[in-house]
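Some notes on the structure that comes next.
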Amino acid sequence: MPKIVVTKEEWIEKGIGNFAVGGADALLIEKMARELGCSKSSFYWYFGDREQFIRCLVDEWVRRATYEVMQCSLMEQSVDARIKVLLTSMFSTHTGKDFVYYLRRMGQENFQYRDLLEKVENDRIDFMTSLLVEHGFPQEKAFSLATVIYHFYLGWYERNKYLGPTANADQLTALLWEYVIQAEGGIE
């Protein structure tokens with residue numbers, strides 16, 4: 001029987017999926033190798049150990065769930081469009097799994113993951129703040145609004161995380177635009 005070659009990216013995809021439904025406890029190398037149809041030696045070829053694998057998973061999640069979303073919004077010409085794309089992305093990119101929950105749990109025991117998650121959340125708020133400043137809000141007001149928007153997102157995510165991708169991202173974006181951004185004195 002020919003040996004199945006599994007890429008590093010396939011291991012990462014499998015790992016992110018498993019982590020999102022069971023945390024680090026769901027990262028059983030032998031079981032994942034079976035599911036990928038390869039030997040576990042390929043895992044060790046790409047990742048020196050389980051801890052390095054976990055760090056790769058977290059780094060990839062951060063890249064996708066934060067910096068890729070930010071980059072996507074920056075492709076828009078107007079600041080209003082950038083804000084709306086960012087909001088729509090926030091409410092439409094989750095998978096119905098709970099990567100954040102397990103990362104937060106891991107951070108309770110490992111300060112590096114706690115600090116990383118705190119940095120990601122601060123980067124998200126700072127990015128929204130910068131867009132709101134560009135939109136016309138004073139810095140302090142923009143930061144307050146960005147914080148409210150982010151915490152609204154966290155509550156919405158917690159309530160909807162197991163439902164999978166939602167179709168109402170445009171509606172939520174419109175509500176936030178009308179009742180938070182415009183209502184707080186933003187420029188129309």
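The values are calculated or read from the model by the stated rules, or taken from the named source; none is laboratory data. Just so we're clear, the structure is a prediction, and the values are computed from it rather than from any experiment. Neighbour counts run over all protein chains shown; Cβ positions are idealised from the backbone, glycine included. Accessible surface is based on the protein model in full, side chains and every heavy atom, while ligands, DNA and RNA are left aside. Shrake-Rupley method; radii C 1.70, N 1.55, O 1.52, S 1.80 Å.
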Run the quick spin-label model on Gln52 and Gln182: label points 7 Å from Cα toward the beta carbon, then report their separation in nm to one decimal. 5.3 nm
For Val6, what accessible area in Å² do you get when you roll a 1.4 Å probe over the heavy atoms of the protein chains, rounding to the nearest 10? 10 Å²
Give the accessible surface of the stretch 28-117 per residue, rounded to a whole number of Å², with probe radius 1.4 Å and ligands, DNA and RNA excluded. 56 Å²
Would you mind getting me the FRET efficiency between Leu175 and Glu9? Use the beta-carbon distance for r and R0 = 41 Å, nearest 0.05. 0.65
R0 = 45 Å: FRET efficiency of Ala26 with Ser144, Cβ-based, nearest 0.05? 0.75
Take every Cα pair under 8 Å in the chain that's 6+ residues apart, average their separations, divide by the length, and report that relative contact order as a whole percent. 23 percent
Whole-percent carbon and sulfur share, accessible surface of the chain, 1.4 Å: 55 percent
Efficiency of FRET from Cβ geometry, Trp45 and Leu154, R₀ 35 Å, rounded to 0.05: 0.40
Enumerate by residue number the trypsin sites (Lys or Arg not before Pro) in the stretch 18-49 meeting two conditions: DSSP loop (anything except H, G, I, E, B), and at most 16 other Cβ atoms within 10 Å of the site's Cβ. Lys40
For the stretch 1-151, the charge dipole (Cβ of Lys, Arg +1; Cβ of Asp, Glu -1; about the Cα centre) points to a positive end, and the Cα of Thr88, Ser42, Gly15 closest to that extreme belongs to Ser42
Inter-label distance, nm, simple model (7 Å from Cα along the C-beta direction), Arg34/Asn168: 4.1 nm
